[in-house]
Amino acid sequence: MPDDHDVQEILDIGGDAVLERLAAMADHGMVLDITLFAGGQVVSGTLIGRDRWLQQFSERAARGGAGGRQVAEDVQRLLQALESRRPAGEPPHRDFLHLAGAQIDGTQRIAEGLLWRGRISEVAGWSLGSL
């Protein structure tokens with residue numbers, strides 16, 4: 001159940017309270033198909049938590065050889081460093097959505113099967129379900 005701190009945090013980042021809550025639920029294991037409208041494009045896929053996204057990102061990057069493994073390690077360190085700066089007891093700040101199996105459509109299909117990370121405040125609209 002959201003408390004006043006949750007609501008104020010959502011208002012502070014200028015995001016969508018429902019999307020922020022869905023991101024929190026995804027961080028606790030829920031998966032959900034979703035379609036987002038952001039940056040003039042339609043992005044559709046399965047909403048997953050940040051840790052699951054990071055694991056899949058690292059696996060994909062590592063397949064790219066030594067350079068890919070280095071990228072994966074650097075991103076993991078960066079996210080861990082950001083997490084360690086959060087004051088003890090303060091809930092995580094969720095301002096990003098993470099999708100697996102994402103497809104991006106503009107005037108035509110641009111890409112599919114992607115891992116996607118996007119800022120909640122940049123989403124203009126959304127719908128449950130994927131394309």
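The values are calculated or read from the model by the stated rules, or taken from the named source; none is laboratory data. Predicted, not measured: the structure shown is a model, and the values here were computed from it. Note that we place each Cβ from the backbone using ideal geometry, even for glycine, and neighbour counts take in every protein chain shown. To get the accessible areas, we keep the full protein, side chains included, count just its heavy atoms, and leave off ligands, DNA and RNA. Shrake-Rupley method; radii C 1.70, N 1.55, O 1.52, S 1.80 Å.
Okay, here's what the table says:
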{"read-out": "Kyte-Doolittle mean at least -0.5, axial Cα span of 24 Å or more - DSSP H helices of the chain", "value": "66-84"}
{"read-out": "Value of relative contact order over segment 15-131, rounded to a whole percent, pairs C-alpha under 8 Å and six or more apart", "value": "37 percent"}
{"read-out": "Accessible area in square angstrom per residue, segment 23-126, 1.4 angstrom probe", "value": "57 Å²"}
{"read-out": "Exposed-site-free run, longest, the chain (rule: trypsin sites (Lys or Arg not before Pro); DSSP loop; at most 16 other C-beta within 10 Å)", "value": "1-62"}
{"read-out": "Percentage of interatomic Cα-Cα distances in segment 8-131 larger than 22 Å", "value": "38 percent"}
{"read-out": "Computed [θ] at 222 nm, deg cm²/dmol, the chain (DSSP H ≥ 4; -39,500 (n - 2.57); rounded to nearest 500)", "value": "-13000 deg cm²/dmol"}
{"read-out": "Computed magnitude of the charge dipole of the chain (debye, nearest 20; Cβ of K, R +1, Cβ of D, E -1)", "value": "620 debye"}
